[in-house]
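Report on one structure; see the data block that follows.
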Amino acid sequence: MAHTKDLLLIFTRNPELGKCKTRLAATIGDEAALEIYKFLLQHTAEITKNLKVSKEVHYSETIWHSDIWNNTTFNKELQQGKDLGERMANAFKKGFGKGYERILIIGSDMYDLTTADLEIAFDSLAENDFVLGPASDGGYYLLGMKALNLELFKGKKWGRPTVLADTLDDLKNNKVALLETKNDVDVYEDIENIVEFQPFIKHLNHD
C-alpha cells in the first residue's frame, strides 16, 4: 500500500442484475445495464490503480474479496448510513480519523474521468480547502477536502439537479477549486452517441 497522507474513496454498488443503473435499465434492459456498469467499474479500477495515494473501495451491500478490485491495491470497506449523504460523511469521518490529510471521493460511473483528473484534484487541495467536480446533471462526480465538513452531507436532495448548487452555497466562505464539468452515466441519453458503449446497446437497433 502507498504510504501517504492522501486517500481516495471509491463508492460502488455491488454489480448485481436489476440492482444497478436502474434508470439506464429502464431503456436498455437489466442485463445490458449490468454489463455497462461492470465496464464502468473496470474503467474506474484502471484509472485509479496506479495513483500514488491510499485507495478504499466502499461497497453498497457486501464486500467482495475476489473481484476486479485487487486486494493489495485497494482496501475494502462497507458503506454505512441511511442515505448517500450519511454514507459519504461516515467514509470521510473514518478517513480523517485514520490520519489522512487530503481525501477525495468519487463514484464509479464516470467514463470521462482520467488518472490525470484525480491527480489535479489532489494537487488543487494544496491551495484550496475543497475541490468539486461538477456533473452536467447538476450534481458532482468528485468531492475533496482537507478538513471534515459535515454540513456538505446534510439537507441535500441526492440525485437531484440542486446538489452542486447547494454544496457550493455551503462553501461560499471557503476556497474551492472547480474541476472540468463532466457527464456521468445515468440514463440512455448519456451513452447513446459514445462509441465505446455501442456494443452494449446494439440490441436496441434491431428491428
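The values are calculated or read from the model by the stated rules, or taken from the named source; none is laboratory data. Here the structure is a predicted model, which is why all the values come from computation and not from measurement. A quick note on method: Cβ atoms are made from the backbone with ideal geometry, for glycine too, and the neighbour counts reach across all protein chains shown. What goes into the accessible areas is simple: the full protein's heavy atoms, side chains included, and nothing from ligands, DNA or RNA. Shrake-Rupley method; radii C 1.70, N 1.55, O 1.52, S 1.80 Å.
A few points about this structure:
- Sole residue being over 24 Å from residue 133 (Cα atoms) and out of contact with any helix residue (DSSP H, G or I) (no Cβ under 8 Å at 6 or more places or on another chain), chosen from 52, 94, 98: 98
- Single match in 111, 100 (criterion: assigned to a loop (DSSP other than H, G, I, E, B), within 24 Å of residue 151 (Cα to Cα) and of a type in the set (Ser, Thr, Tyr)): 100
- Restricting segment 171-193 to residues that are within 13 Å of residue 143 (Cα to Cα) and out of contact with any Ser or Thr (no Cβ under 6 Å at 6 or more places or on another chain), the residue that is most open to solvent (accessible area, probe 1.4 Å) is 180.
- Among residues of segment 29-55, those that are touching a Lys or Arg at 6+ places or on another chain (Cβ under 7 Å) and within 29 Å of residue 154 (Cβ to Cβ), counted: 2
- Within segment 108-158, the set of residues being under 30 Å from residue 196 (Cβ atoms), open to solvent by 10 Å² or more (accessible area, probe 1.4 Å) and aliphatic (A, V, I, L, M) comprises 116, 120.
- Residue 45 meets the conditions (1) surrounded by 13 or more Cβ atoms within 10 Å (Cβ to Cβ); (2) under 16 Å from the mean Cα position of the chain (by Cα); (3) over 16 Å from residue 142 (Cα atoms); (4) at pLDDT 95 or above in every case but one. The failed one is (3).
- Residues in segment 54-68 that are touching a residue at least 40 places away in the same chain (Cβ under 8 Å), more than 16 Å from residue 88 (Cα to Cα) and part of a loop (DSSP other than H, G, I, E, B): 62, 64.
- Identity of the residue in segment 69-97, of a type in the set (Asp, Glu) and not in a strand (DSSP E or B), that ends up surrounded by the fewest Cβ atoms within 10 Å (Cβ to Cβ): 83
- Scanning segment 161-194 for residues that are hydrophobic (A, V, I, L, M, F, W, C) and touching a strand residue (DSSP E or B) at 6+ places or on another chain (Cβ under 8 Å) yields 163, 164, 168, 171, 176, 177, 178, 179.
- Condition broken by residue 24, with the remaining ones in (1) surrounded by 14 or more Cβ atoms within 10 Å (Cβ to Cβ); (2) part of a loop (DSSP other than H, G, I, E, B); (3) of a type in the set (A, V, I, L, M, F, W, C); (4) more than 15 Å from the chain's Cα centre (by Cα) satisfied: (2)
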